[in-house]
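S.K.: Could you have a look at this structure, given as structure tokens, before my questions?
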Amino acid sequence: MVLKSKSRFSYANVASTLALVIAIGGGGAATAAALTLPRNSVGSPQIINGAVHGVDIHASTITGGKVAGHTLTGANIAGGTVTGANVKDHSLGHADFTTAPVGLVQGYVWDSVPASTLNTAVNIGAPGNAYAYNSSGGAITVTRTGVGVYEVTFVGLDFYPGNVQVTAYGGGSEQCKSGGWGTDTAAVVCFDSTGAPVNTLFDLSVIK
């Protein structure tokens, strides 16, 4: 006589069996897809917007050549993440920045014109002078037009509308301030603690 056993299915049996089938089937499908996916076949249309995060990108794999020109703004860069090590030496120029949020020093000078010189343009931007710089490569002249009044010209440099920063040089009470500027020339006025005009040394920087 053949004995027949009766199988009794419970909810737990069915649920565990289905879970196993789904797990095996899903893993198999994913593995098969990975094995059959053609090389270089995934592009922008296949990637959900916002699906790629920093953790998905290997460190140092994105370089300047992979970024379209003028597509990055401050909103795309996490605060404090750009350091000197991220920027190639001498690779950034004025054209890489907008003039509103970022200004670059286009020229500077330490005035060393003798107080006795009047209405004579003195070139103090000669090559080798570490205290003077003109990004255009042109000369830098300083002309004293009156007591405590100077005109500084950066030949060949257009820094307007830009900005000019001036300060008196030395340990005395003299002060200097900008008297305005145009395309390539900035005016400087200097005075003592009483407000009277005075001849003095000064530092000047032009920024754009």
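S.K.: Could you run through segment 123-140 and say how many residues are of a type in the set (A, V, I, L, M, F, W, C), over 19 Å from Thr167 (Cβ atoms) and either surrounded by fewer than 15 Cβ atoms within 10 Å (Cβ to Cβ) or in contact (Cβ under 8 Å) with a residue 24 or more places away in the chain (or both)?
M.R.: Total meeting the criteria: 1.
S.K.: Here's a follow-up. Tell me, which residue of segment 93-125 that is of a type in the set (Ser, Thr, Tyr) and more than 16 Å from Val188 (Cα to Cα) is modelled with the highest pLDDT?
M.R.: Only one residue tops the list, namely Ser116.
S.K.: Ok, one more. Give all pairs with beta carbons closer than 6 Å in which a residue from segment 50-62 that is within 22 Å of Ala85 (Cα to Cα) and in contact (Cβ under 8 Å) with a residue 12 or more places away in the chain meets a residue that is among the polar types (S, T, N, Q) and in a loop (DSSP other than H, G, I, E, B); count only pairs at least 6 apart in sequence or on separate chains.
M.R.: Close Cβ pairs satisfying both conditions: none exist.
S.K.: Out of (1) at positive phi; (2) part of a strand (DSSP E or B), the odd one out for Asn119 is which?
M.R.: (2)
S.K.: In segment 151-208, how many residues are surrounded by 18 or more Cβ atoms within 10 Å (Cβ to Cβ) and among the β-branched types (Val, Ile, Thr)?
M.R.: 10
S.K.: Which count do you get for residues in segment 126-139 that are at pLDDT below 80 and of a type in the set (A, V, I, L, M, F, W, C)?
M.R.: Residues flagged as at pLDDT below 80 and of a type in the set (A, V, I, L, M, F, W, C) within segment 126-139 amount to 1.
The values are calculated or read from the model by the stated rules, or taken from the named source; none is laboratory data. Everything numeric here is computed off the predicted structure, so don't read it as measured data. Neighbour counts are summed over all protein chains in view; Cβ atoms, including those assigned to glycine, are modelled from backbone coordinates with ideal geometry.
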